[in-house]
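Below: one structure, written as structure tokens.
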Amino acid sequence: MTQHSGSCHCGNVRYEADLDLSVPVIECNCSYCLRNWFLLSFIPESKFSLLSGKEELTEYRFNKKVISHLFCRTCGVQCFGEGTSADGAKTVAVNVRTLENIDLSTIVRQPYDGKSQ
Ligand SMILES: [Zn+2]
């Protein structure tokens, strides 16, 4: 695990997250992830801290409405979403495209067929 910093485009939303980017990130093909080009890393809530912008977040839910998609109301960028894993633990899905100082070409992607879920 390494601590990474990230932000939305306008900088209102800033966060830190402990991530292991040697683990493949999820590239989901559902109608929402596809449109947003998300690359997601899932971590326990305890490994995520929102540093600023809580009041800037707008929530979007769709389909089963179990995932809280949170995007910046000013620039529209979604840094993360919140949900619950199969075992009931609070989980944060970090959009690794919003991390600072990472080389996306080194990150291994694992396709996930969210479209069929
Ligand atoms: Zn923003």
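Which one of the conditions (1) more than 23 Å from Asp87 (Cβ to Cβ); (2) β-branched (Val, Ile, Thr); (3) touching a Ser or Thr at 6+ places or on another chain (Cβ under 8 Å) does Ile43 fail to meet, given that it meets all the rest?
Every listed condition holds for Ile43 apart from (1).
(1) within 15 Å of the ligand (Cβ to nearest atom); (2) aliphatic (A, V, I, L, M); (3) part of a loop (DSSP other than H, G, I, E, B): which one isn't true of Leu51, the others all being true?
Condition not satisfied by Leu51: (3).
So, in the range 9-37, of the ones that are of a type in the set (Ser, Thr, Tyr) and not in a strand (DSSP E or B), which residue ends up nearest to Ala93 (Cα to Cα)?
So, considering only residues that are of a type in the set (Ser, Thr, Tyr) and not in a strand (DSSP E or B), the one nearest to Ala93 (Cα to Cα) is Tyr32.
Among the residues of the range 54-88, which ones are on the phi > 0 side of the Ramachandran plot and modelled with pLDDT under 95?
Of everything in the range 54-88, those that are on the phi > 0 side of the Ramachandran plot and modelled with pLDDT under 95 turn out to be Asn63, Lys65, Gly88.
If you go through the range 1-22 one residue at a time, how many are β-branched (Val, Ile, Thr) and modelled with pLDDT of 95 or more?
Matching residues across the range 1-22 total 1.
Which of the residues that make up the range 64-101 are among the hydrophobic types (A, V, I, L, M, F, W, C) and surrounded by fewer than 17 Cβ atoms within 10 Å (Cβ to Cβ)?
Looking only at the range 64-101, we keep the residues that are among the hydrophobic types (A, V, I, L, M, F, W, C), and these are 66-67, 70-72, 75, 77, 79-80, 86, 89, 92-94, 96, 99.
Passing the criteria: Val66, Cys75, Ala86, Ala89.
Residues of the range 1-15 being surrounded by 13 or more Cβ atoms within 10 Å (Cβ to Cβ) and over 20 Å from Thr74 (Cα atoms), which ones?
Matches in the range 1-15: His4 only.
Identify, by number, the condition in (1) closer than 13 Å to Val92 by Cα; (2) free of Cβ contacts under 8 Å to residues at least 40 places away in the same chain; (3) among the basic types (Lys, Arg) that Lys64 doesn't meet.
(1)
The values are calculated or read from the model by the stated rules, or taken from the named source; none is laboratory data. It should be emphasised that the depicted structure is a prediction, and the values quoted were computed from it without experimental measurement. Cβ coordinates were reconstructed from backbone atoms using ideal geometry, including for glycine residues, and neighbour counts include every protein chain displayed.
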